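Asker: Handing you this structure, nothing more for now.
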Amino acid sequence: MNLATQSLAQTSLTAAELWYQLELAQTSEEIDQLLQSIWHNQDHQELLIDAQAELADQIDAELAAIKARMKFLIDLHQAAINKLTGWRERLDQTILYFNHKGLLTSEMIGKQRRIVVKENPPTCEVLVDPAQLPEQYLRIETKTLICPDKKAIAEAWKQGIPVDGTRVYRKRKVIYSLVPGNLPEYQAGKTVEAQSLTKTTKNRVESSKLKRRNQRIK
């Protein structure tokens, strides 16, 4: 049992079992079937509400932990990249320094490799306000950027005024929270219900997998 299921088991055996079943699922269809099948049993709806909320909280916690570890690894690898990039730049700077001092020629040949110092195409750096340059050295560019005013369109939609070529809609979201005055813990009787419910859910998933396997064989 991993840390996530151990943590869930302390508050909800049903949520812990759901986590376990989600890990066994191979496709998004199996995940949808699992999550939808548990709501078919209306006798344990309060238990399912608590279990799904606990599962959502644990998933959020796992996501936060993984993102933190990922950031740490990115920072660690970025430090290594910066160090190696610095080394590479120092190699070139050393050659350029001694070439500038006249101690190395612009072409050096070893037994198997050759190092050549070449000049890049000229680079122009403007040190003053471009408006101070002579007119023949100026290029005037005018760009027009047309952007939709989505806020104004949404306000018009609220007033019952549709705007052709646009679609205004509201997204729905799910919010999980604790019932005021109650702690997220289950009574002993609910533990028995949870075990019965998770067993039923597991049987449904296994039966569905067997049917799909038989269909593929046919």
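The values are calculated or read from the model by the stated rules, or taken from the named source; none is laboratory data. Just so we're clear, the structure is a prediction, and the values are computed from it rather than from any experiment. Using ideal geometry, Cβ is built from the backbone for each residue, glycine included, and neighbour counts are taken over all protein chains shown.
Asker: Which one of the conditions (1) modelled with pLDDT under 85; (2) not in a helix (DSSP H, G or I) does residue 162 fail to meet, given that it meets all the rest?
Answerer: Unmet condition: (1).
Asker: OK, next. Among the listed residues 143, 209, identify the single one that is basic (Lys, Arg), within 30 Å of residue 13 (Cα to Cα) and modelled with pLDDT under 95. Please lay out each step first, then the result.
Answerer: Numbers: 143 fails: within 30 Å of residue 13 (Cα to Cα).
Exactly one of 143, 209 is basic (Lys, Arg), within 30 Å of residue 13 (Cα to Cα) and modelled with pLDDT under 95, namely 209.
Asker: Can you report the number of residues in the stretch 18-60 which are in contact (Cβ under 8 Å) with a residue 60 or more places away in the chain and of a type in the set (Ser, Thr, Tyr)?
Answerer: Count: 1.
Asker: For residue 169, are the conditions met, namely being in a loop (DSSP other than H, G, I, E, B), among the aromatic types (Phe, Trp, Tyr) and touching a residue at least 60 places away in the same chain (Cβ under 8 Å)?
Answerer: Here the answer is no, as residue 169 does not meet what is asked.
Asker: Of everything in the stretch 134-183 that's more than 30 Å from residue 58 (Cβ to Cβ), among the hydroxyl-bearing types (Ser, Thr, Tyr) and loosely packed, with under 10 Cβ neighbours inside 10 Å, which residue is nearest to the chain's Cα centre (by Cα)? Full working, then the answer.
Answerer: Step one: list which residues in the stretch 134-183 are more than 30 Å from residue 58 (Cβ to Cβ), which gives 134-169.
Next, only the ones that are among the hydroxyl-bearing types (Ser, Thr, Tyr) stay: 137, 142, 144, 166, 169.
From what is left, the residues that are loosely packed, with under 10 Cβ neighbours inside 10 Å are 137, 142, 144, 169.
On the way: 137: 47, 142: 38, 144: 34, 169: 25 Å.
The selected residue is 169.
Asker: Could you grab me the full set of residues in the stretch 20-51 that are among the small types (Gly, Ala, Ser) and modelled with pLDDT of 80 or more? Give the steps one after another, and end with the answer.
Answerer: Initial filter on the stretch 20-51 (among the small types (Gly, Ala, Ser)): 25, 28, 37, 51.
Once the filter is applied, which keeps residues that are among the small types (Gly, Ala, Ser) and modelled with pLDDT of 80 or more, the stretch 20-51 yields 25, 28.
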